[in-house]
Amino acid sequence: MSTVTPIDSEGLSAMIAEKRPQDRVQRLPARLLPPHRRSKGATRFTKIVATIGPASEDRLEELIDAGLSVARLNFSHGSADEHRRRMAKIKAASAHKMTPIAVLADLPGPKMRTGMFPDGKITLNEGDIVRVKPGQDVAAPGEVYVGVDDLLEAVHVGHRISLADGQVLLRATAKESDAIVAKCERAGPVGNRKGVHLPDSDVKYELPTDEDRELIELARELGVDMLGVSFVGHASELEEIRGLAPGIHLVSKIERQAALFNLDEILEATDGLMVARGDLGVELDLEHLPLVQKEILERAVRAGVYTITATEMLESMIEAGRPTRAEVTDVANAVLDGTDAVMLSAETAVGKHPVEAVATMAKIAQVAERSEIYSRRPSLGAAPERVYFSRATAMAAVHVAKEVDVDCIVCFTETGNTVRLLSRFRPDVEIVALSPRADTVRQMAVLAHVRPLLFRREPSLEAMIDTAADLLVARRIVETGDRVIFVAGVPVGFARSTNVLKLHRIGEDSRFA
């Protein structure tokens with residue numbers, strides 16, 4: 001048998017030539033797998049969001065064991081009773097596994113769709129001329145209806161009209177009194193009720209829609225932790241939804257060019273961002289999507305907003321038992337770009353291998369996090385004009401953790417605000433977030449580097465530190481003699497009072513005086 005000659009003594013080819021799997025990781029170049037500090041109990045910093053559907057609702061405990069942190073209910077599909085049933089199962093599995101699982105309910109938003117065709121679909125060829133009309137009627141030959149009320153006002157000559165979620169592309173060449181005349185530039189079939197995008201046009205629509213408003217009421221009934229807001233374009237839309245859903249985090253789905261133009265105001269108004277690459281990839285030229293993804297993630301981290309990267313991450317695992325090489329690279333790159341969470345959609349909702357998909361994503365993230373490249377991920381920096389007690393304390397904790405080589409950072413929190421700051425600073429160790437509020441614990445489950453745990457409130461800071469130290473040892477997060485940093489606020493139990501940082505060795509006296 002011939003052997004493979006390594007390119008150099010540390011090269012990847014040496015790993016490939018090695019027959020013993022247990023040695024392969026050790027043969028990787030040191031720059032790819034350096035010693036990486038993290039808490040003893042931590043296995044992965046990046047969180048996993050999985051959509052719960054027919055394929056996964058009865059396998060929730062397996063999903064949790066595989067790495068699930070956030071369960072997604074897609075309100076675009078399924079009845080209210082189905083969502084109630086799945087929510088009950090999520091709560092039961094979370095309680096049985098003693099693992100906090102956040103629930104993200106995804107609103108459908110104002111999806112623009114084609115009307116109907118006599119035969120259910122038409123096929124457009126390159127160069128075909130069609131008349132595009134507003135409405136949802138049955139189209140005559142040479143016509144396409146789209147459900148956009150202000151189509152004639154919004155679309156101008158030269159604008160693109162994308163049909164069938166980007167598979168077919170038209171370009172407006174003229175305007176008539178009742179239609180837009182367009183030429184087909186990318187051929188393909190268009191079926192009934194398929195997605196429409198108008199990336200160059202300032203389309204007016206209502207957000208939240210009437211359907212969204214009804215589903216927000218369902219979300220409040222179910223007690224979800226986060227709402228995915230589809231097709232956000234302006235901060236004012238988020239402000240209205242926040243008024244309808246008090247206490248629920250808003251995750252703005254970035255899937256329109258308008259959202260990119262107004263990203264700064266959206267970052268100010270939202271709790272989290274989802275890079276929804278499916279619809280965004282239709283609105284943008286595909287070759288721009290990777291760089292736009294990186295830009296969105298970096299700006300979100302700098303703004304203190306958590307992020308979820310979504311759409312087709314392990315799409316082949318809907319059918320196959322393992323992903324493609326390109327999908328593995330895609331997930332790893334999102335982790336290296338600094339996303340808080342990566343998301344599975346159809347892979348876990350209706351796919352054949354939901355548990356394997358979560359486990360595969362967890363393995364990819366864990367390996368990516370061990371690399372030196374991960375240490376260069378975006379993080380929140382100093383901002384002197386915005387320094388306040390909690391920010392300064394969080395910043396100091398991360399700096400001290402690096403200098404002193406502690407085993408973890410432990411933060412007592414009421415609202416999760418300081419923990420979100422700590423997460424944005426991206427320390428090299430795990431943040432154990434302790435809160436007496438179950439809703440706060442669940443909402444922190446999406447944050448990278450954070451392990452949220454329910455923790456009773458004690459009467460004094462010393463008592464809280466002692467109890468927390470016992471809990472950390474019992475959960476095998478640390479051992480006696482380990483060094484940790486405690487971040488807290490006094491007086492105890494008050495929100496927005498983070499003002500204490502204590503270096504502590506587990507097992508030693510916690511008294512301040």
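Between R325 and Y388, what is the FRET efficiency for a Förster distance of 45 Å, r being their Cβ-Cβ separation, to the nearest 0.05?
Approximately 0.45, to the nearest 0.05.
Shape of segment 393-465 from its Cα gyration tensor (a ≥ b ≥ c, root eigenvalues): rounded if a/c is under 1.5, otherwise prolate when a/b > b/c, or oblate?
oblate
Could you order peptides 334-340, 50-56 by the average number of other Cβ atoms within 10 Å of their residues, highest first?
So the order, starting with the most tightly packed, is 334-340, 50-56.
List every residue whose amide H lies under 5 Å from the amide H of A276, counting only residues 5 or more places away in sequence or on a different chain, with H placed 1.01 Å from N in the peptide plane.
Here I254 satisfy the definition.
Quick check on the chain: helices-only [θ] at 222 nm, where DSSP H runs of length 4 and up contribute -39,500 (n - 2.57) each and the sum goes over total residues. Nearest 500, please.
Theoretical 222 nm ellipticity from helices: -10000 deg cm²/dmol.
Using a Förster radius of 35 Å, what is the FRET efficiency between R483 and A95 based on their Cβ-Cβ separation? Nearest 0.05, please.
E between R483 and A95, to the nearest 0.05, is 0.60.
Enumerate the helices in the chain for which the Kyte-Doolittle hydropathy averages 1.0 or more and the C-alpha atoms extend at least 18 Å along the helix's axis, using complete DSSP H runs.
461-474
Fewest first, what order do T99, T324 take by the number of other Cβ atoms within 10 Å?
Ascending Cβ contact count within 10 Å gives the list T324, T99.
Which whole-number percent gives the relative contact order of segment 342-450, counting Cα pairs below 8 Å spaced six or more residues apart?
Computed over segment 342-450, the figure is 20 percent.
What is the gain in length, in nm to one decimal, between L503 and E372 on full extension, counting 0.36 nm per residue of separation less the C-alpha to C-alpha distance?
Net length gain for the segment: 44.5 nm.
Of C411, C184, how do they rank once you tally other Cβ atoms within 10 Å and put the fewest first?
C184, C411
Label segment 384-505 by shape, choosing from rounded, prolate and oblate, from the square roots a ≥ b ≥ c of the eigenvalues of the Cα gyration tensor; if a/c is under 1.5 it is rounded, and otherwise prolate applies when a/b is larger than b/c, oblate when it is not.
Taking the square roots of the gyration eigenvalues as a ≥ b ≥ c, segment 384-505 is rounded.
What nm value, rounded to one decimal, do you get for the distance between D470 and D81 when each label is placed 7 Å out toward the C-beta?
4.8 nm
Would you work out if segment 121-197 is rounded, prolate or oblate? Take a ≥ b ≥ c from the square roots of the eigenvalues of the alpha-carbon gyration tensor; rounded if a/c is under 1.5, else prolate when a/b is larger than b/c, oblate otherwise.
Cα axes put segment 121-197 in the rounded bin.
Could you work out the pair-distance distribution P(r) of segment 220-322 from its alpha-carbon pairs, with 10 angstrom bin width and percents rounded to whole numbers?
Going out from 0 Å in 10 Å bins, segment 220-322 shows 15, 45, 29, 10, 1 percent.
What range in the chain is the longest one free of chymotrypsin sites (Phe, Trp or Tyr not before Pro) that are in a loop by DSSP and have at most 11 other Cβ atoms within 10 angstrom?
Here the longest run is 1-387.
Provide E298, E255 in ascending order of the number of other Cβ atoms located within 10 Å of each residue's Cβ, fewest first.
E298, E255
By a straight-distance test (C-alpha under 21 Å), which lysines pair with K502 as possible cross-link partners, with residues fewer than eight away in the same chain excluded?
Those lysines meeting the cut-off are K40, K402.
Coordinate-derived values only; no laboratory data. Values in this document were obtained by computation on a predicted structure and should not be read as measured data. Heads up, the Cβs are rebuilt from the backbone with ideal geometry, glycines too, and the neighbour counts pull from every protein chain shown.
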